[in-house]
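Here is the structure we will look at.
Just so it is clear, none of the values below were taken in a lab; they were calculated from the coordinates. Fair warning: this is a prediction, and the values are worked out from it, not measured in the lab. Heads up, the Cβs are rebuilt from the backbone with ideal geometry, glycines too, and the neighbour counts pull from every protein chain shown.
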């Protein structure tokens, strides 16, 4: 069955791509296709005697179909070809990649050998109706309620992993979304995320409005096994941006006890006249760890995050810088310090725009911590990425 679906998907893609090239066809005004092809070379260095080299090709195909003025259909496919030492030494690597947490399994292992494997996943497949007052979208989609750059406790549906910089589109959810627009920048948004297990489903209502030049959102939700109240804001402090999110979670089966938790993040960012960008942020989780002994894994982004568990520490601090060296060369970097558990995460980057459709970048990720010993380097990764967009 999965092979048949994979074949059908590839056939649709091939047919659609061919149809787009025919400028005289009916598809010209109704169909749109975009995407990119990336090559990533990865070097993981654990210590002076241990390292792994990996590679993968990442192809993304984004399709839009506009049958009428108010109707749109979207399909987005993520295809990746992996090879390298991790695939050869880790028998669970392909199984880790071939996971789909959605209601419908749309993750496909197309081919696998001991040395490499080819994987495809559909992370967007939705149908949309929109007019001046209403928007209805059904299917696998991105429910973007997050405001903060790094930590999004308001993102109840599809929290992303900050360290996974190659996944710029971020994950989606199998959901139905109904949105009603009102005057004066006000709106109501109702979303139900289906998982097939009521204890993991998410049902939420968001009211958004503008007050004194601030965009504000208020949220009430059934979040898995919790009830949640949340709010977020985005505005300015003079010429600097000021954003934040806060969410409170409490088990609905034990409403009278004290087992609730609060997650909060806030940031101030500023863009200078020379296009240099700075961001400083703070994070708090009332249920987070406050000592290295409370951790099983010192890697901050090793697991799948959730709105309740964005970081393992109680407090964390973030700073980011980016700016042009030349019009085509850009440098940047970010640092996260997890207070209490004493973990430091650094991620520098350098990017060069070869042309309007080609660019190349080098990214680093390194961890420092005091897990079971003195403060020391815990691991390093270097990524060399080339991308062609079409």
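Sorted fewest first by neighbouring Cβ atoms within 10 angstrom, 290, 359, 98 come out as 290, 98, 359.
Measuring r between the beta carbons of residue 257 and residue 176 and using R0 = 51 Å, the FRET efficiency lands at 0.95. For mean projected area of the Cα convex hull in nm², pick the label among (i) 32.7; (ii) 31.3; (iii) 22.6 that corresponds to the value derived from the coordinates. Read-out from the structure maps to (iii). The relative contact order of the stretch 139-225 comes to 21 percent, based on Cα pairs under 8 Å that sit 6 or more residues apart.
As a proxy for reagent exposure, ranking 29, 164 by other Cβ atoms within 10 Å from fewest up yields 29, 164.
For the stretch 328-390 and the stretch 191-225, what is the separation of their Cα centres, given in Å? Between the Cα centre of the stretch 328-390 and that of the stretch 191-225, the gap is 32 Å. Taking a ≥ b ≥ c as the square roots of the eigenvalues of the Cα gyration tensor of the stretch 199-324, is the shape rounded (a/c under 1.5), prolate (a/b larger than b/c) or oblate? Oblate shape, in that a/c is at least 1.5 and b/c is the bigger or equal ratio.
Note: relative contact order over the stretch 48-174, using C-alpha pairs below 8 Å and six or more positions apart, is 20 percent. How would the stretch 44-164 be classified by its alpha-carbon gyration tensor: rounded, prolate or oblate, with rounded meaning a/c under 1.5 and the a/b versus b/c comparison settling the rest? Because a/c hits 1.5 or more and a/b exceeds b/c, the stretch 44-164 counts as prolate. Arranged from fewest to most other beta-carbon atoms within 10 Å of their beta carbon, 276, 326, 72 become 326, 276, 72.
Packing, as the average of other Cβ atoms within 10 Å across residues, places the peptides 347-356, 148-157, 223-232 in the order 148-157, 223-232, 347-356, highest first.
For the chain, what's the relative contact order in percent, using C-alpha pairs closer than 8 Å and at least 6 residues apart?
11
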